[in-house]
Amino acid sequence: MTTRFAKNIFLFLLTTVAFACKDTLDKNPLANPNSENFWKTETEANKALIACYAKLKEPIISNGPAQSGNFLFWESLSDNASNTSGYESFDVVMRGEHNSATTGIVSKSFTIGFQGIAACNYFLANIDRVTAATDAVRNRMKGEALFLRAFYYNDLTQLYGDLPILVKPAELDDNIRAVPRSPKTEVVARILEDLDLAISYLPANAYTDGRAVKGSAIALKTRVLLNNERYGEAAEAAWSLIGDAANPFKLADNYSGIFFGNQAGNREIMFSVQFKAPDDYHSLDQVIGARMSVFPTTELRDAYEPNDPRRKMTIFEAGDPWAYNPAGFKQTGSLAEGQIPYTGMAFKKWVNPAINNGSGSTLSEQHMVKIRYADLLLMYAEAMFESGKGSDANALKALNDVRTRPGVEMPARTALTRDVIRNERRVELAFEGLRYNDLVRWKLADKVIPQVAYDAKGTKRKFKSYLLPIPLGQMDIMKGVWTQNENY
């Protein structure tokens, strides 16, 4: 990234932006409205709100059309998956060879996250100008934007640590080069402030249409608190929904249907990035089902207990029914684009098992699930255990509800332990992009990652740092103000 281009990027992050936006979450472009004439109607406000969601459609956050990868590649940074693709430098980070000049996720995660924050700041600074909307409507919209700003900031601070706290659109005469990185504790405090407001504003409804609801914000708040070892508060936040008699969320009876086939009206899904083919689609079936460049490790396979049905709903293994080969999952006779990985396994979760389209992009439209109720239950069990309340019956029930639901029906645990909770998270949430964050927040990444091979020769990965580097171009701008993260 050239210095001039980097300066423009940072200006863009700090100033008012106008995104292409849509009247659902994906239609009707908003073309650079005049700010003086805009913000008159609820329809205009809705278009600006949808711009806050726009960055969720970036493939490294969810997925997108005609792309060679998606956010599930984050799993390859953990011990759950390996990666033979050069997509967005996931392979470089996986091997521990990245630095501040690395492109892909190292630079894009920073830029995309702050672009999302900028859109939220623009919206929140102007929504009260829409006097044609009722207070209730404006507050619900504010709640969505606050949730999204917290969502972007949580991802960023987990990846980069200390960050500039930006909560309003910058003016052109602002001294950009003087904006400091605030300590992570202050960033987290602001995230939680946003989420508390979002919880107060958002409707206590089931999640349906891609827009955040109160439960989405409660679950995200729980995740943020767990990320920062605030276990008692995390348990309290989770229980405020789990223990509510009017809780609209529940575990799904069909585990695989959460990811393909039974997503519409699924009460387990608490937040997702939604798609609708043929206008708004992605190529996940091709990338995961036919190219197979991101695939399970033997460590993940071995984490499942005997007869856990989630293993077969998550992983293709030799002989499993496979649309690309009538003889089952094996290379001989395969019509897939790529070779079956050296592990002899591929991911099945998210893939339409009836699709055989190894010659071109499929029109996949499954929603990319970012938060679901099983995750909240397991976060609650963990938070209770880590806060010294692991013997509480509600904590054990939360974990066992996940294990024993119809379609999974694993034997109930009789007691909670740290290892039981962590392994349950691993197998329940495998290939959902959460494992790397879990290893980081448990401070196990430096111990686990170097034990995992990344090629057929058994070459072991290197663990470089618990944080990504601030992108080099951004550091060039902020010389003397920002200090680079350690080990870079």
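The values are calculated or read from the model by the stated rules, or taken from the named source; none is laboratory data. Being a predicted model, the structure only gives us computed values, none of them experimental. Backbone-built Cβ (ideal geometry, glycine too); neighbour counts: all protein chains shown. Remember, those area values only see protein heavy atoms, side chains included, never the ligands or the DNA or RNA. Shrake-Rupley method; radii C 1.70, N 1.55, O 1.52, S 1.80 Å.
May I ask you to list pairs of residues, at least six apart or on different chains, whose Cβ atoms are under 6 Å apart, with the first in segment 412-433 being of a type outside the set (A, V, I, L, M) and the second being in a loop (DSSP other than H, G, I, E, B)?
Listed by first residue and then by second, the contacts come to F431/K349.
Please determine whether any residue of segment 101-112 is at negative phi and over 23 Å from the mean Cα position of the chain (by Cα).
Yes, that holds for at least one residue.
Taking segment 442-454 as the search range and keeping residues that are open to solvent by 40 Å² or more (accessible area, probe 1.4 Å) and not in a helix (DSSP H, G or I), which one is farthest from R426 (Cα to Cα)?
Out of the qualifying residues, it is Y454.
Hey, can you tell me all the residues within segment 341-380 that are assigned to a helix (DSSP H, G or I) and touching a residue at least 60 places away in the same chain (Cβ under 8 Å)?
Y373, A374, D375, L376, L377, M379, Y380 - these are the residues of segment 341-380 that are assigned to a helix (DSSP H, G or I) and touching a residue at least 60 places away in the same chain (Cβ under 8 Å).
Among the residues of segment 292-305 satisfying the criterion of being modelled with pLDDT of 95 or more and part of a loop (DSSP other than H, G, I, E, B), which is farthest from A412 (Cα to Cα)?
In this case the residue turns out to be T297.
Checking the conditions here, which among P306, P278, P341 is farther than 30 Å from V213 by Cα and out of contact with any Phe, Trp or Tyr (no Cβ under 6 Å at 6 or more places or on another chain)?
P306
Can you confirm whether segment 150-158 contains a residue that is of a type outside the set (V, I, T), more than 26 Å from W39 (Cα to Cα), surrounded by fewer than 19 Cβ atoms within 10 Å (Cβ to Cβ) and at pLDDT below 95?
no
Is it the case that Q263 is open to solvent by less than 10 Å² (accessible area, probe 1.4 Å) and touching a residue at least 60 places away in the same chain (Cβ under 8 Å)? Full working, then the answer.
Working: open to solvent by less than 10 Å² (accessible area, probe 1.4 Å): no; touching a residue at least 60 places away in the same chain (Cβ under 8 Å): yes.
For Q263, the condition - open to solvent by less than 10 Å² (accessible area, probe 1.4 Å) and touching a residue at least 60 places away in the same chain (Cβ under 8 Å) - is not met.
Look through L202, L172 and report the one residue that is in contact (Cβ under 8 Å) with a residue 24 or more places away in the chain and surrounded by 14 or more Cβ atoms within 10 Å (Cβ to Cβ).
That would be L202, the only listed residue that is in contact (Cβ under 8 Å) with a residue 24 or more places away in the chain and surrounded by 14 or more Cβ atoms within 10 Å (Cβ to Cβ).
Could you list all residues from segment 381-412 that are in a helix (DSSP H, G or I) and open to solvent by less than 10 Å² (accessible area, probe 1.4 Å)?
Listed by number, the residues that qualify are A381, E382, A383, A395, A398, L399, V402, R403.
Residues that are assigned to a helix (DSSP H, G or I) and at pLDDT 95 or above: does segment 242-249 have at least one?
Yes - at least one qualifying residue is present in segment 242-249.
What's the number of the only condition in (1) over 24 Å from E229 (Cα atoms); (2) within 23 Å of the chain's Cα centre (by Cα) that K457 fails to meet?
(2)
Hey, S78 hits all of (1) closer than 20 Å to G338 by Cβ; (2) polar (S, T, N, Q); (3) at pLDDT 95 or above; (4) open to solvent by less than 10 Å² (accessible area, probe 1.4 Å) but one; which does it fall short on?
(1)
Only one of (1) open to solvent by 60 Å² or more (accessible area, probe 1.4 Å); (2) closer than 22 Å to S82 by Cα; (3) more than 27 Å from the chain's Cα centre (by Cα) fails for P326. Which number is that?
Answer for P326: the failing condition is (2).
Hey, among the residues in segment 268-307 that are of a type in the set (A, V, I, L, M, F, W, C) and out of contact with any strand residue (DSSP E or B) (no Cβ under 9 Å at 6 or more places or on another chain), which one's least open to solvent (accessible area, probe 1.4 Å)?
Start the filter on segment 268-307 by keeping residues that are of a type in the set (A, V, I, L, M, F, W, C), which leaves 269-271, 273, 275, 277, 284, 287-288, 290, 292, 294-295, 300, 303.
After this cut, where a residue has to be out of contact with any strand residue (DSSP E or B) (no Cβ under 9 Å at 6 or more places or on another chain) as well, the list is 290, 303.
Values: A290: 0, A303: 16 Å².
The extreme case among them is A290.
Looking at segment 331-339, can you tell me whether even one residue there is under 24 Å from Q451 (Cβ atoms) and not in a strand (DSSP E or B)?
So far as segment 331-339 goes, no, none of its residues is under 24 Å from Q451 (Cβ atoms) and not in a strand (DSSP E or B).
Are any residues in segment 422-440 assigned to a helix (DSSP H, G or I) and under 18 Å from L377 (Cα atoms), and if so, which ones?
Within segment 422-440, R422, N423, E424, R425, R426, V427, E428, R435, N437, D438 meet the criteria.
Yes/no per residue for (1) within 15 Å of Y153 (Cα to Cα); (2) touching a Gly at 6+ places or on another chain (Cβ under 7 Å); (3) of a type in the set (V, I, T):
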{"position": "I50", "(1), (2), (3)": "no, no, yes"}
{"position": "Y87", "(1), (2), (3)": "no, yes, no"}
{"position": "N99", "(1), (2), (3)": "no, no, no"}
{"position": "V106", "(1), (2), (3)": "no, no, yes"}
{"position": "I112", "(1), (2), (3)": "yes, no, yes"}
{"position": "Q115", "(1), (2), (3)": "yes, no, no"}
{"position": "A118", "(1), (2), (3)": "yes, no, no"}
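Check V179, V213 and return the single one that is among the β-branched types (V, I, T), under 19 Å from V481 (Cβ atoms) and in contact with a Pro (Cβ under 6 Å, 6 or more places away or on another chain).
Sole residue among the options that is among the β-branched types (V, I, T), under 19 Å from V481 (Cβ atoms) and in contact with a Pro (Cβ under 6 Å, 6 or more places away or on another chain): V179.
Look through segment 230-260, keep the residues that are within 19 Å of D392 (Cβ to Cβ) and charged (D, E, K, R), and return whichever of them is most open to solvent (accessible area, probe 1.4 Å).
E236
Given (1) outside any loop (DSSP other than H, G, I, E, B); (2) in contact (Cβ under 8 Å) with a residue 24 or more places away in the chain; (3) open to solvent by 70 Å² or more (accessible area, probe 1.4 Å), where does E186 come up short, assuming only one miss?
The one condition E186 does not meet is (2).
Exactly one condition in (1) surrounded by fewer than 21 Cβ atoms within 10 Å (Cβ to Cβ); (2) not in a loop (DSSP other than H, G, I, E, B) is not met by E486; state its number.
All conditions pass for E486, except number (2).
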